[in-house]
Amino acid sequence: MMHRDQLGRQLQLQTTPRRIVSLVPSQTELLVDLGLRSEIVGVTKFCVHPNYLKKEKNVVGGTKTINFDKVKALTPDIILCNKEENTAEMISVLEQIAPIHISDIYNLEDAIELIKFYGALFSVEKKASQIIETIESEAFHFSEFILKQPKRKVAYFIWKNPWMVAASQTFINAMLHLNNFDNVFADLNRYPEIKIADIGTDCDIILLSTEPYPFKEEDMALLQGKFPSASIILADGEYFSWYGSRLTKAFQYFKTLHQDSVH
């Protein structure tokens, strides 16, 4: 069977993979929701959903620090990676162990494509279609909701010391766009370091993500002092950056976010 990943790489597989190592948390959650829990043999320490999974599966390291010997000992049929999460150096070693499928996600369409790929790759097309239908239905209803919301200038922080934000060419930026948010840093690329003064006093909303940096109440207070007219919100980073089956719940969360942002 011939498959391809989101980098256009061809994968020649003799049978449907039954021993899966997943090195991307959102993709691990997607596998479980596709009914593939029993096929997963290895995960990362950041694969926290479902929360029981790390107790029953082999943890092979972090997304960027993998124990290759542990992966090899699991004799996987396939290893699931992501272009952003996993380094090229890692992938070059891992592909000596098993076939690699690499995702590359920048927007909702890419996320849906990945779910289709997994449906075909693991012979769970029906379940994949059900998840996609739910996401597309939620996205459609949200698009109607968002028509009534004003466009607002937003900064989305992912890190502190140094301060870092989500800019263009990111899945987070695509989610901000769906929310009718005008990203203050859309003219920059990926995840740049910035200075607080770069935000500008006309920013309407500052979103502090719960991951990868665990922003707290004191961070909100600090920024509120500097930008008294802006709404400072602690945003659930998983709904903005996890692109698998978590998207079935993301749009309901986004609705509550707009309600919370009324200043």
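Observations on the model:
- Filtered residues of the range 52-72 (kept if part of a loop (DSSP other than H, G, I, E, B), under 23 Å from Asp33 (Cα atoms) and out of contact with any Pro (no Cβ under 9 Å at 6 or more places or on another chain)): Tyr52, Lys57, Val60, Gly62
- Residue list for the range 209-252, filter: farther than 20 Å from Ser26 by Cα and touching a residue at least 24 places away in the same chain (Cβ under 8 Å): Phe215, Asp219, Leu223, Lys226, Phe227, Ser229, Ala230, Ser231, Ile232, Ile233, Leu234
- Extreme residue, surrounded by the fewest Cβ atoms within 10 Å (Cβ to Cβ), among residues of the range 85-105 that are free of Cβ contacts under 8 Å to residues at least 60 places away in the same chain and part of a loop (DSSP other than H, G, I, E, B): Gln96
- On the stretch given as the range 166-175, residues that are in contact with a helix residue (DSSP H, G or I) (Cβ under 9 Å, 6 or more places away or on another chain) and more than 15 Å from Leu108 (Cβ to Cβ) total 2.
- Residue within the range 118-126 that is more than 24 Å from Tyr253 (Cα to Cα) and either among the basic types (Lys, Arg) or assigned by TED's automatic domain parsing to the domain that holds Leu36 (or both) present: yes
- Screening Glu238, Glu211 for residues that are surrounded by fewer than 22 Cβ atoms within 10 Å (Cβ to Cβ), modelled with pLDDT under 95 and within 15 Å of the chain's Cα centre (by Cα) leaves exactly one candidate, Glu211.
- Filter result for Leu108 (modelled with pLDDT of 95 or more, under 30 Å from Ser22 (Cα atoms) and either in contact with a Phe, Trp or Tyr (Cβ under 9 Å, 6 or more places away or on another chain) or surrounded by fewer than 20 Cβ atoms within 10 Å (Cβ to Cβ) (or both)): yes
- Residues of the range 215-245 satisfying the condition of being charged (D, E, K, R), in contact with a Ser or Thr (Cβ under 8 Å, 6 or more places away or on another chain) and over 20 Å from Ile146 (Cα atoms): Glu238
- Among the residues of the range 130-150, the ones that are closer than 23 Å to Ile206 by Cβ and either at pLDDT 95 or above or surrounded by 17 or more Cβ atoms within 10 Å (Cβ to Cβ) (or both) come to 3 in all.
- Look at the range 34-54: where a residue is free of Cβ contacts under 8 Å to residues at least 12 places away in the same chain and charged (D, E, K, R) and a partner is in a strand (DSSP E or B) and buried (at least 19 other Cβ atoms within 10 Å of the Cβ), sitting 6+ places away or on another chain with Cβ atoms under 7 Å, you get Lys54/Val43.
The values are calculated or read from the model by the stated rules, or taken from the named source; none is laboratory data. A quick note: this is a predicted structure, and the numbers were derived from the prediction, not measured. Cβ coordinates were reconstructed from backbone atoms using ideal geometry, including for glycine residues, and neighbour counts include every protein chain displayed.
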